[in-house]
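Reading through the structure tokens given below for one structure.
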Amino acid sequence: SEQDQAMAEGEGFATLTYTKDGGVARICLNRPSVLNAYNIQMRDEMWQVLHAVRDDPEVSVVVLQGNGRAFCAGADLTEFGTAPSQAIARSVRFQRDVWGLWLRIGKPFIAAIQGYCFGSGVEMALLCDLRVAAEDAVFALPEVALGMVPAAGGTQTLPRVVGIGATLEMLLTSRRVDAQEAYHLGLLHRVVPRTRLLPEVESL
């Protein structure tokens, strides 16, 4: 609704910012002191912002970026790693299915990626239609080293982008992949110098 859109734009979010300029909406992950780690509050605020994006006829494209020296260093395990059980965690997730909502939005998303892009950061980037990265970007899915699996759809979205072989190698080893390798794997569409990242996204 118009009220929801106005609330999203005017809301003083704690973990992200949401702005509009013409038909371009910008979502900026904004927890730079913890490398924009994805926590429960960010999930709830992303849920609200994605509804505003979906329902706003003025928005024709969305840019997702991170504030500071990282795009997103992954889930905040001090919160997401402490659910009483997998069943409870799954139930809570389905009550607020951020990733399902994201995939149902029929507007293009562009990810502007710099620095660390780990775990949930990779998965959010994969939910975007175009991915542009700075030369200093580094990608990894470190969950297996923690006895976990990528829980935001990475086991499904990554093989659709880079193929099963490259996906299994990333999932099973937690190996870090730099921007140039990510580009050659097909994970990225463009790699640019850090100072050119946002201008490149603007040109798109």
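The values are calculated or read from the model by the stated rules, or taken from the named source; none is laboratory data. Predicted model, so just to flag it, every value in this text is computed and none were measured. Using ideal geometry, Cβ is built from the backbone for each residue, glycine included, and neighbour counts are taken over all protein chains shown. Just the protein is used for accessible areas: all its heavy atoms, side chains included, with ligands, DNA and RNA removed. Shrake-Rupley method; radii C 1.70, N 1.55, O 1.52, S 1.80 Å.
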Qualifying positions in segment 97-144 - charged (D, E, K, R) and in contact with a His (Cβ under 7 Å, 6 or more places away or on another chain): ARG131
Can VAL192 be described as under 26 Å from GLY68 (Cα atoms), in contact with an Asp or Glu (Cβ under 8 Å, 6 or more places away or on another chain) and not hydroxyl-bearing (Ser, Thr, Tyr)? yes
Mind checking which residues of segment 60-74 are over 15 Å from LEU16 (Cβ atoms) and surrounded by 15 or more Cβ atoms within 10 Å (Cβ to Cβ)? VAL61, GLY74
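Okay, residues lined up against (1) under 16 Å from the mean Cα position of the chain (by Cα); (2) of a type outside the set (Asp, Glu):
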residue	(1), (2)
ILE110	yes, yes
ALA125	yes, yes
ASP136	no, no
GLY153	yes, yes
ARG175	no, yes
TYR183	no, yes
LEU187	yes, yes
GLU200	no, no
SER203	no, yes
Right, ALA125: assigned to a helix (DSSP H, G or I) and more than 21 Å from LEU16 (Cα to Cα) or not? no
Where MET170 falls short, out of the listed (1) surrounded by fewer than 18 Cβ atoms within 10 Å (Cβ to Cβ); (2) free of Cβ contacts under 8 Å to residues at least 40 places away in the same chain: (1)
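Here is a yes/no grid of residues against (1) modelled with pLDDT of 95 or more; (2) surrounded by fewer than 22 Cβ atoms within 10 Å (Cβ to Cβ):
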residue	(1), (2)
GLU58	yes, yes
PHE80	no, yes
ARG90	no, yes
ARG96	no, yes
LEU103	no, yes
PRO108	yes, yes
ALA125	yes, no
CYS128	yes, yes
Quickly run through segment 1-36 and pick out the residues that are of a type in the set (Gly, Ala, Ser), open to solvent by less than 10 Å² (accessible area, probe 1.4 Å) and either at pLDDT 95 or above or within 23 Å of ALA73 (Cβ to Cβ) (or both). ALA25
Cβ pairs under 6 Å, 6+ apart, first in segment 15-36 and closer than 16 Å to ASP55 by Cα, second part of a loop (DSSP other than H, G, I, E, B): GLY23/SER60; ALA25/VAL59
I'm checking my understanding of the structure. Among residues of segment 130-151 that are open to solvent by less than 10 Å² (accessible area, probe 1.4 Å) and of a type in the set (A, V, I, L, M), which one is farthest from LEU188 (Cα to Cα)? LEU141
Just to be sure, is GLY115 in contact with a Pro (Cβ under 7 Å, 6 or more places away or on another chain), on the phi > 0 side of the Ramachandran plot and crowded, with 19+ Cβ neighbours inside 10 Å? no
State whether the residues of segment 167-179 include one that is under 20 Å from VAL24 (Cα atoms) and in contact with a Phe, Trp or Tyr (Cβ under 9 Å, 6 or more places away or on another chain). no
